[in-house]
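Participant: One structure, as structure tokens, below. Some questions next.
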Amino acid sequence: MSVPFLDLKAVHHELRDELDLAWKSVVQHGHFLGGPEVERFEDEFAAYCETSKCVGVGNGTDALELILLAIGVGPGDEVVVPANTFAATAEAVRAVGARPRFADVLPDTLLLDPDSAAAAINWRTAALIGVHLFGQLADVSRLEALAARHGLAFIEDAAQAHGARLDGRRAGSAGHAAAFSFYPGKNLGALGDGGAVVTDDPALADRVRQLANHGRSARDRNCHEVSGRNSRLDTLQAAVLLAKLSRLDRDNDRRRSVMARYRAWLPDWCTPVAVAPGAAPVHHLAVVRTADRERVAETLTAAQIGWGVHYPVPCHLQPAFEEFGERLPVAERAAGEILSLPMSPSLSDGEVARVCEVLRGART
Ligand SMILES: *Cc1c(COP(=O)(O)O)cnc(C)c1O
């Protein structure tokens, strides 16, 4: 039995009829940008995130970049980001002309370490980005307090955490603003690129919307008040996301039960990344740590089981960012030990059992 890492065809199979309908209705009304589905999705997603505002944008990287621009982060500024994240977090900082200042992660959760973040702050620091990696919230209470103490903006990169909570707080509701991605493989994924900014600050939401729509005035579409750009959520993607949002909690529950089975059935030398007390993660990825990753990966490949590494090279050691020269031992060590097992709401118990059986057989 082969087990795919992520089978997007299977994820969408049950939704086929709803997706066909969504597609048809958008083709019929013809408002391919800014159609009624966009506003409906924005309202529903803001409510889902327990925030007052949502602005649909082109993708998750743009969401981060637009937040930074709207806050006024630019050349001469520094933004603290965790070393263990997808490159987009740091890219967004570079794109607005600021410098990413990498901080280390906690050894158990591999999420931004508030002490390391505090040590990275200096007089140039303008913002702090907490990344909810693998589907678990970073320590938003401590990061929020740290940002407040230094007068910084606190931004959440929630691209991997749609619906997650920590101490009851929803991903996206803790920072000044949060960025979401609807890349197809994310917990809430479009059929292409998409993203959103959520916030409780209506003025910030208005600025993001204006910047994402050529700097247009809200009152006169022919008046370009600022030099913006084009980064909007397509109506078609919004219609797809509306259909999928209604199933997100069910999908996240399924991810939780897959993870619970991994925890119960994996051999003890293959340890899932820790869940912090008070956290209710949504398991975007099933990341385990193992001393001999090469051997484990070979075993999985030989058994036709999909796997990945998120991420094999921490951000601060990537050629794009290594000029800054940070050394961050926890992230560097983890990068050599982590491995992502198949994870998806369409995984069956039998498939999870097969993955665990193959791993248990690897070192007996
Ligand atoms: C996917 C992702 C992004 C970027 O989202 P895109 O929609 O692909 O631009 C940013 N940060 C993290 C942590 C991500 O996983």
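Participant: For region 248-360, just run the numbers: alpha carbon Rg, then divide by 2.2 N^0.38 Å, N being how many residues it has.
Facilitator: Taking N as the residue count of region 248-360, the ratio is 1.15.
Participant: Which value, in Å², gives the accessible area per residue of region 248-360 when a 1.4 Å probe is used on the protein heavy atoms?
Facilitator: Value for region 248-360: 44 Å² per residue.
Participant: Among DSSP beta bridges whose residues both lie in the chain, state the antiparallel percentage, nearest 5.
Facilitator: 60 percent
Participant: Something else about it: How much length, in nm to one decimal, is gained on full extension between Ala260 and Ala145, taken as 0.36 nm per residue of separation minus their Cα-Cα distance?
Facilitator: Full-extension gain reported as 38.2 nm.
Participant: Can you give the calculated 222 nm mean residue ellipticity of the chain, where each DSSP H run of n ≥ 4 adds -39,500 (n - 2.57) and the sum is split over every residue, rounded to the nearest 500 deg cm²/dmol?
Facilitator: The helix contribution divided over the chain gives -11500 deg cm²/dmol.
Participant: Of the peptides 92-99, 221-228, how do they stack up when ordered by the mean number of other Cβ atoms within 10 Å, highest first?
Facilitator: Most protected by this proxy first, the peptides run 92-99, 221-228.
Participant: Follow-up. How much accessible surface does Ile305 have with a 1.4 Å probe, in Å² rounded to 10?
Facilitator: My reading of the accessible area for Ile305 is about 10 Å².
Participant: I've got another one for you. If ligands, DNA and RNA are left out, what is the accessible area of His176 with a 1.4 Å probe, given in Å² to the nearest 10?
Facilitator: Result for His176: roughly 100 Å² accessible.
Participant: Hey, another quick one. Probe radius 1.4 Å, ligands and nucleic acids left out: which of Phe324, Phe180 has the largest accessible area, and how do the rest follow?
Facilitator: Phe324, Phe180
Participant: Cα centroids of region 293-364 and region 20-75: how far apart, whole angstrom?
Facilitator: Rounded to whole Å, the Cα centres lie 32 Å apart.
Participant: State whether region 114-199 is rounded, prolate or oblate according to the following rule on the C-alpha gyration tensor (a ≥ b ≥ c being the square roots of its eigenvalues): a/c under 1.5 gives rounded; otherwise a/b larger than b/c gives prolate, and the remaining case gives oblate.
Facilitator: Prolate, because a/c is 1.5 or more and a/b exceeds b/c.
Participant: Tell me, what is the Rg over Rh of region 225-288, with Rh the Kirkwood radius over Cα pairs?
Facilitator: We get a ratio of 1.21 for region 225-288.
Participant: Per the Kirkwood treatment, what hydrodynamic radius in Å, one decimal, follows for region 23-68 from the mean inverse distance over all distinct Cα pairs?
Facilitator: 11.9 Å
Participant: Just by accessible area at a 1.4 angstrom probe, what is the order of Asp139, Asp113 from largest to smallest?
Facilitator: Asp139, Asp113
Participant: Using a Cα-Cα cut-off of under 18 Å, which lysines could be cross-linked to Lys24, ignoring same-chain neighbours fewer than 8 residues away?
Facilitator: Excluding near neighbours in sequence, the set is Lys244.
Participant: Just to confirm my numbers, what's the Cα centroid distance between region 141-209 and region 77-131 in Å?
Facilitator: So the two Cα centres are separated by 15 Å.
Participant: If you roll a 1.4 angstrom probe over the protein chains with everything in place, what fraction of the accessible area of region 248-360 belongs to carbon and sulfur, to the nearest %?
Facilitator: Heavy-atom surface of region 248-360 belonging to carbon and sulfur, 1.4 Å probe: 51 percent.
Participant: Normalised by the empirical 2.2 N^0.38 Å for globular proteins, what value does the Cα Rg of the chain take?
Facilitator: 0.99
Participant: A follow-up question, please. Can you give the accessible area of Lys53, probe radius 1.4 Å, in Å² rounded to 10?
Facilitator: Using a 1.4 Å probe on the heavy atoms, I get roughly 80 Å².
The values are calculated or read from the model by the stated rules, or taken from the named source; none is laboratory data. Keep in mind the model is a prediction, meaning the values are calculated, not measured. Glycine also receives a Cβ, built like all others from the backbone with ideal geometry; neighbour counts cover every protein chain displayed. Side chains included, ligands, DNA and RNA excluded: accessible areas come from the protein's heavy atoms. Shrake-Rupley method; radii C 1.70, N 1.55, O 1.52, S 1.80 Å.
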